[in-house]
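To start, the structure itself, in structure tokens.
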Amino acid sequence: MSSSGGDPAVGHVAIIMDGNGRWAEQRGLPRSKGHEAGERALFDVVEGALEAGLRYLSVYAFSTENWTRPSDEVEFLLNFNRALLRKRRDDMNERGVRIRRIGRREPVPREVLDEFDQAEAFTAHHTRLDLMVCFNYGGRAEIEDAAKQGSIQDNLYAPDVPDVDLIIRTSGERRLSNFLLWQSAYAELYFTDMLWPDFDRHSLFEALRDYSGRQRRYGGLG
Ligand code: FPP
């Protein structure tokens, strides 16, 4: 962790993949097509994260608030995530990516949790890149759940994972939306107007270049 500014270390990038629905609507397509296009973007970004040597990549796949969407979209997203894990698991495994889910288990359907559990067990031995899939995840829920156990830091969903260095959010929205609140206390923020399906590894590299010019002081003087 560098506090001197200029080329700060980056180990953990967290992404709010926003704008799939708008991307589809702009093309006169159903929202589900936007999520499918978002899948391609995500896996190109995973390749980019490997190229860039990141150690942790967290992605907001489904939030505790996403249950309030129309039930057909909720159902689509649950099945979509499940299918995507099955489809990409071998690929991730070959690349040395460890898949980890964080978030509350309730009320995620059993078959979706099973798919996550299997992907996690299958890739558990990898140490190159941890892909943290935040699913039925909410930052406040995480802090509440941890507080019930005692020390918050020690009882986060993945206490071994270091704080977030850089948060990326696409689609022009400039808010955190309950994402990794505790871990992002000193994160640098990067917002782009690009919609998530248009984002790719080169967009990630651009965000990392921007980050490399930031001065991180952690409340000190640097
Ligand atoms: C936001 O777009 C995106 C989502 C709600 C889902 C994104 C999920 C993925 C790309 C798959 C990740 C899954 C795994 C298992 C790694 P939006 O619907 O909020 O778009 P809008 O704001 O334009 O409506």
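The values are calculated or read from the model by the stated rules, or taken from the named source; none is laboratory data. All figures in this text were calculated on a predicted structure; none of them were measured in a lab. Counting neighbours? That spans all protein chains shown, and the Cβs are built from the backbone with ideal geometry, glycine included.
Output the residues belonging to the range 140-170 that are out of contact with any strand residue (DSSP E or B) (no Cβ under 6 Å at 6 or more places or on another chain) and crowded, with 21+ Cβ neighbours inside 10 Å.
Of everything in the range 140-170, those that are out of contact with any strand residue (DSSP E or B) (no Cβ under 6 Å at 6 or more places or on another chain) and crowded, with 21+ Cβ neighbours inside 10 Å turn out to be Glu142, Thr170.
Pairs needed: first member in the range 105-129, more than 19 Å from Leu54 (Cβ to Cβ); second member anywhere, part of a loop (DSSP other than H, G, I, E, B) and modelled with pLDDT of 95 or more; C-beta distance under 9 Å; at least 6 residues apart or different chains.
Short answer, once both residue conditions are applied: Leu113/Arg105; Phe116/Val108.
Any residue in the range 203-216 that is in contact with a Lys or Arg (Cβ under 9 Å, 6 or more places away or on another chain) and of a type outside the set (Lys, Arg)?
No, that holds for no residue.
With a cut-off of at least 2 residues that are among the basic types (Lys, Arg), surrounded by 13 or more Cβ atoms within 10 Å (Cβ to Cβ) and within 9 Å of the ligand (Cβ to nearest atom), name the helices (runs of 4 or more DSSP H) lying wholly within the range 1-96.
Result: 71-94.
Restricting attention to the range 165-222, which residues are of a type in the set (Gly, Ala, Ser) and either under 14 Å from the mean Cα position of the chain (by Cα) or assigned to a loop (DSSP other than H, G, I, E, B) (or both)?
Those that are of a type in the set (Gly, Ala, Ser) and either under 14 Å from the mean Cα position of the chain (by Cα) or assigned to a loop (DSSP other than H, G, I, E, B) (or both): Ser171, Gly172, Ser177, Ser184, Ala185, Ala187, Gly213, Gly219, Gly220, Gly222.
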